[in-house]
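Let me begin by presenting the structure, written as structure tokens, before commenting on it.
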Amino acid sequence: MKIVKRFMAAAAKVWHLPFVKYAVISVIGVVLVGFVGQNSLLAHMRNVNYINELSEEIDTYNARAREDMRKIRELDRNPKALERIARERYFMKHDDEDIFVLSDDERSPASETEENERAE
């Protein structure tokens, strides 16, 4: 009990020094601004990181848009490019041609037997 009273007396003496009150209030203010609240430094750093991620995403979409515009200009200028896309994507053909579509998909043996049974 004597130790607690001595500690309290010493704390009261130190507290009444003029610079201690300002120092404690300043430390509390820095902690509040730095770590607590919506406008803290931590929230600011998170927002900066988020902005950087969004900027990278914008750059990606802009590059994709430039590539698409290049393809559109090529299609406008070159009719053979239009024919190539029609053949590749939509399997269009001339009257005297046959188209064979090759697939890389692996089929399970069970699905092949089901197709054979349905065909019979």
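Within the same chain, lysines fewer than 8 places from residue 21 are excluded, and of the rest, those with a Cα less than 16 Å from its Cα are 13. In the context of the full protein assembly, residue 21 retains an accessible surface of approximately 80 Å², using a probe radius of 1.4 Å and ignoring ligands and nucleic acids.
Roughly to the nearest percent, how much of the accessible area of the chain is carbon and sulfur, given a 1.4 Å probe? Carbon and sulfur: 60 percent of the exposed surface of the chain. Across region 62-74, rounded Karplus estimates of 3J(HN,Hα) from the backbone phi angles (6.51 cos²θ - 1.76 cosθ + 1.60, θ = phi - 60°) give 5, 5, 5, 5, 4, 5, 5, 5, 4, 5, 5, 4, 5 Hz, Gly and Pro being marked x. Restricting the calculation to Cα atoms, region 1-70 shows an Rg/Rh of 1.53 when the hydrodynamic-style radius is the Kirkwood one. Along the charge dipole of the chain, Cβ charges K/R +1 and D/E -1, which of 33, 81, 61 sits furthest on the positive end? Result: 33, furthest along the dipole toward the positive end. Phi-derived couplings, Karplus 6.51 cos²θ - 1.76 cosθ + 1.60 at θ = phi - 60°, listed residue by residue for region 89-100: 8, 10, 6, 7, 8, 7, 5, 9, 10, 10, 10, 10 Hz, with x used for Gly and Pro.
Using the heavy atoms of the protein chains and a 1.4 angstrom probe, tell me the accessible area per residue for region 1-97 in square angstrom.
Values: 9130 Å² over 97 residues.
Normalised by residue count, the accessible surface of region 1-97 is 94 Å².
Among the protein heavy atoms, those of residue 84 account for about 100 Å² of accessible surface (1.4 Å probe, every chain in place).
Using the Cα atoms as the points, what is the convex hull volume per residue of the chain in Å³?
Taking only Cα atoms, the chain has a hull volume of 293 Å³ per residue.
The values are calculated or read from the model by the stated rules, or taken from the named source; none is laboratory data. Everything numeric here is computed off the predicted structure, so don't read it as measured data. Virtual Cβ from ideal backbone geometry, glycine too; neighbours counted across all protein chains shown. All accessible areas refer to the heavy atoms of the entire protein, side chains included, with ligands and DNA or RNA removed. Shrake-Rupley method; radii C 1.70, N 1.55, O 1.52, S 1.80 Å.
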